[in-house]
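Reviewing the structure listed below.
Any read-out appearing in this document is the output of simple, stated calculations on the displayed coordinates, not a laboratory observation. It should be emphasised that the depicted structure is a prediction, and the values quoted were computed from it without experimental measurement. Cβ placement follows ideal geometry from the backbone for every residue including glycine, while neighbour counts extend to all protein chains displayed.
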Amino acid sequence: MSDRALRSIAIIGGGTAGWMAAAALARVLGTHNVAITLVESEEIGTVGVGEATIPPIQAFNALLGIDEDAFVKATMGSFKLGIEFVDWLRPGTRYFHPFGVYGTDIGAVPFEGLWHRLRTQGLADPLEAYSICAQAAKDGRFMRPLADGGNTPLHRIGYAFHFDASLYARFLRTHAEAAGVVRREGRVVDVALRAADGFVEAVTLASGARIEADLFVDCSGFRSLLLGETLGTGFEDWSHWLPNDRAIAVPTVSNGPPTPFTRSTARAAGWQWRIPLQHRTGNGYVFSSAHLSEDEATATLLANLDGEPLADPRTLRFRTGRRDAFWVRNCVGLGLSSGFLEPLESTSIHLIQAGIARLLEMLPNRDFEAADIRRYNRLMTAEYDSIRDFIILHFHATERADTPYWDHVRTMAVPETLAERIRIYQATGRVFRESDDLFSKTSWLAVMDGQGLRAEGFDPLAASLSVDDARTRLARIAAVTAAAAARMPPHAEFIARHCAGAIASRT
Ligand code: FAD
């Protein structure tokens with residue numbers, strides 16, 4: 001270690017962001033040379049929701065050396081193959097956004113090119129026929145992808161998890177403390193800046209205890225105690241594109257085996273989530289308070305549950321957008337302190353993970369290289385912005401005109417980056433992944449098509465096959481996909497065999 005190496009890191013906040021950061025930093029850096037302290041306040045508490053994830057979380061678990069079955073068991077989790085969107089295009093419709101891929105490319109010819117070519121002639125099946133995740137989800141099946149070589153769709157199963165957010169924080173805390181992280185209970189009442197350069201010098205707790213560190217990680221939630229409040233980092237508000245600013249959440253008794261997917265149902269002024277866990281089901285209505293009152297939203301949610309409520313409904317308030325910078329001087333913001341995008345595509349926990357991965361990649365010493373900080377901010381900004389576009393797509397590309405809310409989101413002007421993607425898709429059927437995009441071609445295609453956008457053309461490469469050849473190949477892909485999905489065990493059976501937790505419903 002150079003003599004300018006970091007000697008201490010203080011993480012402010014013990015929600016999902018704080019404990020993810022603590023566990024990962026301790027695992028990678030060790031705690032012999034760098035003291036890692038986490039401050040949290042039970043009095044303030046955590047947001048405590050955040051139960052659905054996306055596949056990159058597998059890499060985070062691997063980084064921590066977490067055994068996946070132990071993780072699912074400890075968090076009463078279930079597996080997720082994608083999201084079912086109900087009533088989004090118009091009432092009475094549904095589509096599935098699967099993880100993994102659709103079909104397979106034929107040499108240089110992209111699958112979606114062939115599919116668009118046949119679809120325009122009425123010769124292709126719906127997209128879901130070519131996705132092992134969509135097929136398995138429909139039948140309530142799950143298994144992990146086969147590892148050893150081979151070319152069946154069973155090797156290409158993409159998956160993530162649903163879990164109980166408070167059990168997840170507890171699970172990570174155990175890992176972090178075992179790796180040497182020191183937890184300090186207490187409320188931060190003051191933040192001191194160094195006179196010379198405005199770097200964060202120390203936080204003071206209500207008890208009077210003062211905690212100094214070289215690097216501060218702000219995981220203090222929506223309050224953004226260091227990054228926002230103390231350092232005055234601006235907030236770019238996106239509520240003109242994403243007007244939802246409230247959620248009512250309520251857990252219910254499970255009324256059957258957990259489905260291996262999240263369900264999102266469009267409602268009059270937002271959408272309702274359904275997330276199955278082993279011991280209960282998570283539900284919530286995310287809505288725009290400019291279009292619906294909390295009482296109306298609560299009544300709608302309670303009228304649309306498929307199990308008995310286990311607790312009183314809880315209201316969460318938020319503002320969509322991101323900080324102008326995520327790393328300022330010696331302070332990095334992770335989680336809600338750095339920004340928030342509604343949980344439609346379960347991206348918040350991923351953004352925490354992405355921030356941690358980049359912080360490790362650009363780990364500073366006490367000189368805090370300005371070019372690294374600029375690069376970190378550039379990459380995180382690009383990631384936020386591209387996820388923002390993907391989420392806006394769901395609301396904007398709809399035929400719904402049944403309420404003022406849907407009228408607003410359907411007719412609003414969208415960011416030019418999204419408008420361009422839509423134009424390209426409508427003209428050529430092409431979907432693409434820019435280098436920093438989180439979402440794959442599968443995701444863009446699933447939502448573009450599911451939300452009713454139609455491509456007039458198709459990738460010229462797809463013309464290199466005859467129509468008959470293309471039909472034969474797509475029919476074979478659909479048949480192989482359906483047969484492979486039928487070989488997967490029921491999701492509940494997979495959980496019972498590998499990772500059943502021990503908490504009863506009603507706890
Ligand atoms: P918090 O959970 O708010 O934690 C903040 C911490 O800071 C707490 O420990 C608190 O005690 C501490 N703190 C604050 N002020 C002080 C102080 N003065 N002194 C000491 N400590 C302090 N994400 C997903 O990935 N998937 C989902 O399905 C999902 N669903 C969501 C649904 C809703 C309705 C909402 C609002 C969010 C959802 N999220 C989801 C986002 C997810 O919940 C958060 O990203 C995640 O919980 C991280 O929160 P956090 O740790 O940043 O903040």
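Roughly how many debye, to the nearest 20, is the charge dipole of the range 246-317 about its Cα centre, given +1 on each Lys and Arg Cβ, -1 on each Asp and Glu Cβ, and no other charges?
That gives the range 246-317 a dipole magnitude of about 260 debye.
Could you give the alpha-carbon Rg of the range 438-507 over 2.2 N^0.38 Å, rounded to two decimals? Provide the component values of the computation, followed by the final result.
On the way: Rg = 19.8 Å, N = 70, 2.2 N^0.38 = 11.1 Å.
Taking N as the residue count of the range 438-507, the ratio is 1.79.
How big is the C-alpha Rg of the chain next to the rule-of-thumb value 2.2 N^0.38 Å, as a ratio?
Taking N as the residue count of the chain, the ratio is 1.00.
From Cα pairs below 8 angstrom and at least 6 apart in sequence, can you work out the relative contact order of the range 417-507, rounded to a whole percent?
24
Please list, by residue number, everything in the range 174-197 whose backbone N is under 16 Å from a paramagnetic label point 7 Å out along Cα→Cβ of GLU43.
184-191
Can you give the local net charge around LEU363? Use residues other than it whose beta-carbon is closer than 15 angstrom to its beta-carbon, Lys and Arg +1, Asp and Glu -1.
Result for the local shell: +1.
Hey, can you grab everything whose amide H is under 5 Å from the amide H of SER8? Only 5+ residues off in sequence or another chain; H modelled, so Pro and N-termini drop out.
Amide H neighbours of SER8: ALA35, ASP214, LEU215.
Longest span of the chain, sites excluded, free of GluC sites (Glu not before Pro) in DSSP loop with at most 14 other C-beta atoms within 10 Å?
Longest run free of exposed loop sites: 44-368.
How high is the relative contact order of the range 246-317, in percent, counting Cα pairs under 8 Å that sit 6 or more residues apart?
Contact order relative to length: 45 percent.
Quick one: net charge of HIS175's neighbours, Cβ under 13 Å, K/R +1, D/E -1?
Here the charged neighbours net out to +2.
Across the range 36-43, in residue order, what do the Karplus-derived ³J(HN,Hα) couplings come to in whole Hz, using 6.51 cos²θ - 1.76 cosθ + 1.60 with θ = phi - 60° and x for Gly and Pro?
Each residue's phi maps through the Karplus curve to give 10, 10, 10, 10, 9, 10, 5, 4 Hz.
Would you pull out the residues with amide H under 5 Å of LEU193's amide H, same chain only if 5 or more places away, H placed 1.01 Å from N?
Amide H neighbours of LEU193, under 5 Å, 5+ apart: GLU201.
What is the spin-label model distance, in nm, from SER207 to GLU434 if the labels are put 7 Å beyond Cα along the C-beta direction?
4.7
Give me the net charge for the shell around ARG119: Cβ to Cβ below 11 angstrom, other residues only, Lys and Arg +1, Asp and Glu -1.
-1
Antiparallel as a % of all DSSP beta bridges within the chain, to the nearest 5?
That works out to approximately 70 percent antiparallel.
Does the range 468-507 come out rounded, prolate or oblate by the C-alpha gyration tensor, with a ≥ b ≥ c the root eigenvalues, rounded set by a/c under 1.5 and, if not, prolate when a/b is larger than b/c and oblate if not? Please list the in-between numbers first.
Details: a/c = 7.05, a/b = 4.17, b/c = 1.69.
In terms of gyration-tensor shape, prolate.
Can you list residues whose amide H is under 5 Å from HIS162's amide H, if they're 5+ apart or on another chain and H is modeled 1.01 Å from N?
Answer set, sorted by chain and number: SER78, PHE79, LYS80.
Provide, as a two-decimal number, the C-alpha radius of gyration of the range 1-90 over 2.2 N^0.38 Å, N being how many residues it has.
1.42
If you split all Cα-Cα distances of the range 78-155 into 10 Å bins from zero, what percentages do you get per bin, shortest first?
Once binned at 10 Å, the Cα pair distances of the range 78-155 give 16, 41, 34, 8, 0.
Give the shape of the range 246-317 as rounded, prolate or oblate, defined through the alpha-carbon gyration tensor: a ≥ b ≥ c are the square roots of its eigenvalues, a/c under 1.5 means rounded, and otherwise the shape is prolate if a/b is larger than b/c and oblate if not.
Verdict is prolate for the range 246-317.
Among DSSP beta bridges lying fully in the range 246-317, give the percent that are antiparallel, nearest 5.
In the range 246-317, approximately 100 percent of DSSP beta bridges are antiparallel ones.
Please state the shape class of the range 362-463: rounded when a/c is under 1.5, otherwise prolate if a/b exceeds b/c and oblate if not, all from the C-alpha gyration tensor.
Judged from the Cα gyration tensor, the range 362-463 comes out oblate (a/c at least 1.5, b/c at or above a/b).
Can you tell me, using C-alpha contacts under 8 Å and at least 6 residues apart, the relative contact order of the chain as a whole percent?
On the way: 1010 pairs, mean separation 120.7, N = 507.
Computed value for the chain: 24 percent relative contact order.
Can you list the HN-Hα couplings for the range 475-480, worked out from phi with the Karplus curve (6.51, -1.76, 1.60; θ = phi - 60°), rounded to whole Hz and with x for Gly and Pro?
5, 5, 4, 5, 5, 5
Please name whichever of TRP327, ALA213, SER166 sits farthest to the positive end of the charge dipole of the chain, dipole taken about the Cα centre and charges placed at Cβ: Lys and Arg +1, Asp and Glu -1.
Most positive-ward Cα: SER166.
Take LEU360 and HIS240, extend 7 Å from each Cα along the Cα→Cβ direction, and tell me the distance between the two endpoints in nm.
Between LEU360 and HIS240, the simple spin-label model gives 3.9 nm.
Each residue of the range 406-423 in order: what ³J(HN,Hα) in whole Hz does its phi give by Karplus 6.51 cos²θ - 1.76 cosθ + 1.60, θ = phi - 60°, with x for Gly and Pro?
5, 4, 5, 6, 5, 9, 5, 6, 10, x, 4, 4, 6, 4, 5, 4, 5, 4
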